[in-house]
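No lab work stands behind these numbers, since they all come straight from the coordinates. Treat the numbers as computed from the prediction; the structure is a model and nothing was measured. Neighbour counts run over all protein chains shown; Cβ positions are idealised from the backbone, glycine included.
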Amino acid sequence: MTTSEIPAASPLTTEELDAAGLRLEVAGPVATVTLDRPDSRNSQTPLMWRTLARIGASLADDVRVVVVTGEGPSFSAGLDRRVLDPTASAGQESVADLMTLSDDEASAAIDAYQQGFTWLRDPRFVSIAAVRGYAVGAGFQLALSCDLILAADDARFCMKESALGLVPDLTGTKPLVERVGYSRALEICVSARMVPAAEAAALGIATRAVPGDQLDDALAELVATMTAPLPGAVSETKRVLQGAIAHDLDTQRRIEREAQVRRFRELVALLAGS
């Protein structure tokens, strides 16, 4: 299921968000999603992933920027290890449950989890991960799902799955390869090493690394930059760029000119209405 195929959903209640360890605040064109489990360094669960997907499906069309961040000193330490143990997650969905399913059923469950990440690529808005501290495993993949990563200088990125005998399966592999190339992505994933903020910025994983006490101001500046142009110009530009690497030149030229014609039409309509 693609992002555009995710059915629209009604707004979540505060109780539903709390149960998933999330907060959602919408202020004008900016929606802020906060992972709110600081006692476990914002570790993630299947319920969190399913709820993230519902947030994406429930956002109004006038949201132009989505900020994803974590409460406390860490963005997200990755998977809550308790969901690997079915006896430790009474009454809650457990990743260990996948082992009891058929291959098709397990694949369908993982697909549902992935929807909690894929909606951040929606061209209607620009998504920004504001990362402090650890972004490990699922946390790294959540940050990679965003268009831009703004990192505090204490940020540490790690694809931990191989150390657990697993592979990254929450949609992080494609953006990682696109940002750093195949060989570097392989080294980062297989070694499961920590990538510090400065290196992440140098490699193109993070858009920018800033001192921790400047992260909020840098985020506000970036959000203002993303909301300044006309909404249609931003969303069309995101669409044009998203597939650029995969397209040949003639295909990309066609996509550019079709997008520009739509922009001309909208600008003419706006001028006529002014």
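Here the condition is being surrounded by 16 or more Cβ atoms within 10 Å (Cβ to Cβ), hydrophobic (A, V, I, L, M, F, W, C), touching a strand residue (DSSP E or B) at 6+ places or on another chain (Cβ under 7 Å) and without any contact (Cβ under 8 Å) to a residue 40 or more places away in the chain; of 177, 195, 223, 234, it holds for 195 alone. Are any residues in segment 93-112 of a type in the set (Ser, Thr, Tyr) and in a loop (DSSP other than H, G, I, E, B), and if so, which ones? Result: 94, 102.
Taken over segment 155-202, the residue count meeting the criterion of being of a type in the set (A, V, I, L, M), within 19 Å of residue 80 (Cα to Cα) and in a helix (DSSP H, G or I) is 2.
Within segment 20-62, work out how many residues are under 20 Å from residue 139 (Cβ atoms), out of contact with any helix residue (DSSP H, G or I) (no Cβ under 7 Å at 6 or more places or on another chain) and aliphatic (A, V, I, L, M). Qualifying residue count for the region: 3. Residue pairs whose Cβ atoms lie under 8 Å apart, sitting 6 or more positions apart in sequence or on different chains, and linking a residue in segment 34-50 that is in contact (Cβ under 8 Å) with a residue 40 or more places away in the chain to a partner that is crowded, with 21+ Cβ neighbours inside 10 Å and among the β-branched types (Val, Ile, Thr), are 35/68; 35/69; 45/83; 46/83; 46/95. No other residue among 153, 213 is acidic (Asp, Glu) and either touching a residue at least 40 places away in the same chain (Cβ under 8 Å) or under 21 Å from residue 79 (Cα atoms) (or both) apart from 153.
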